[in-house]
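The values are calculated or read from the model by the stated rules, or taken from the named source; none is laboratory data. Bear in mind the structure is a predicted one, so any value in this text is a computation, not a measurement. Virtual Cβ from ideal backbone geometry, glycine too; neighbours counted across all protein chains shown. Accessible surface areas use protein heavy atoms only, side chains included; no ligands, DNA or RNA. Shrake-Rupley method; radii C 1.70, N 1.55, O 1.52, S 1.80 Å.
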Amino acid sequence: MVSPTIERIETSIVDLPTIRPHHLSMAVMKTQAMVIIRLLCSDGIEGIGESTTIGGLSYGPESPESIKLTIDNYIAPIVIGKDASKVQQAMLLIESNIQGNNFAKSGIETALWDAQGKRLNVSVATLLGGTVTHSLPVLWTLASGDTGKDIEEAQHYLSNKRHNTFKIKIGRNDPKVDIKHVTAIKKALGEEVKITVDVNQAWSESIAKNAIDSLQNAGVDLIEQPISKENIDGLSRLSAHFNVPIMPDESICTYTDAFKLAKKRAGDVFALKIAKAGGLRNILKIAGIAEAADILLYGGTMLEGTIGTVASAHVFSVLPSLAWGTELFAPLLLTDDIVTKKLTYKNGTLQLPDAPGLGVELDVDKLEKYKRK
Ligand code: MUC
Ligand code: MG
């Protein structure tokens, strides 16, 4: 049998507006910019992938423009002409020639898995070992920038049963203001509704000590990245000091980070993201380290559109355990989509599609409409 080769890789930056401004400690998002990858193979099969970050260069070390350039000028020339069915081999080749650029690598790996799944008529999750679940818990993030609006939003999604857990973005304001904000939301939603907060590194360790104490007393269930991503010892100290679990996000990108953090018990839960990790295979490696260290897992997002979200869902669905669920809600934060059929969200979950590959199809007209010219 002749092996299929990678013939062409096309990348586009797609800008999709959000349904409302999304306030994070480091940026306010009104649109999301996603790099969409089309990987065309000699057997006529096309794989799709997505490489997305948040707020230009304010969150991660790669921008949409740099991701596109890295793929076009550096990754594509390495893999064009190579066997499209050997995902591991292609990724090892990329990894041995290109330092860093994990977001770009993740989108390419996604497209390779999608193509191979379509080729073999199986889902990406099947290629990765097979699903443990088809239904992933999905929270919603409250980040309108206004306490009243956040409460209204949460009550709306509780009443239509789309979500039952909420993450509140804080760190933009004085900690006292943020604590009041979180306490008011928790009080309005009641004891039963699980609330997490994401500080996105905004606090010093000493501020964090006082603020986490107040948030713990207010009944918050999990504290995400309260301090600088570099302060690993600080994360260990906070995790040892508080009963409320601490979750590194920006501090834990690669499996090497996972090993360093696990050794220091710098967190009780790890936030997994395919972009930070440099792809789906690396999520499985991080999950192994976490399991060995008795650290729990959470399925994170870089606020990807449907393609990146469903790629994350495939790898998260094969994990032995995902104790803290996921935040794979971002397609719902966008006003439109570039796939023909949207993902199914219901009863606080995302349903994994079971069509071959990623199980979603690119809408080429929509891609054209939203593509940066
Ligand atoms: C982050 O830091 O976790 C995830 C959800 C959200 O609203 O922002 C992202 C980024
Ligand atoms: Mg985070």
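For the reader, a short list of remarks on this structure follows.
- Extended-chain gain in nm, criterion 0.36 nm per residue less alpha-carbon gap, Gln99 and Val364: 92.2 nm
- Distance between the 7 Å Cα→Cβ label points at Glu152 and Glu192: 2.5 nm.
- Accessible area in square angstrom per residue, the chain, 1.4 angstrom probe: 40
- Proximity of backbone amide H atoms, modeled 1.01 Å from N, is registered between Val138 and Thr326, Thr349, Leu350 at under 5 Å, excluding neighbours fewer than 5 places apart on the same chain.
- Dividing the C-alpha radius of gyration of the chain by 2.2 N^0.38 Å, with N its residue count, gives 0.95.
- Tensor-based shape of segment 228-328 (alpha-carbon gyration tensor, a/c under 1.5 rounded, otherwise prolate or oblate): prolate
- For segment 53-153: rounded, prolate or oblate by the Cα gyration tensor [a/c cutoff 1.5]: oblate
- In a simple Cβ point-charge model (Lys, Arg +1; Asp, Glu -1; nothing else charged), the chain has a dipole of about 140 debye relative to its Cα centre.
- Segment 257-312: equivalent-ellipsoid semi-axes (sqrt of 5 x gyration tensor eigenvalues, Cα, Å): 22, 10, 9
- The listed peptides 328-337, 305-314, ordered by packing as a protection proxy, come out as 305-314, 328-337 (highest mean of other Cβ atoms within 10 Å first).
- Dipole of segment 1-155 [Lys/Arg +1, Asp/Glu -1 at C-beta], most positive-end residue of Ala76, Ser3, Val28: Ser3
- Gyration tensor verdict on segment 109-158 (Cα atoms; rounded if a/c is under 1.5, prolate if a/b is larger than b/c, oblate otherwise): prolate
- For the chain, the fraction of 1.4 Å probe accessible surface lying on carbon and sulfur atoms is 51 percent.
- Spin-label model, Ala323/Ser66: points 7 Å from Cα along the beta carbon direction are separated by 3.5 nm.
- Counting only DSSP beta bridges with both residues in the chain, the antiparallel share comes to about 60 percent.
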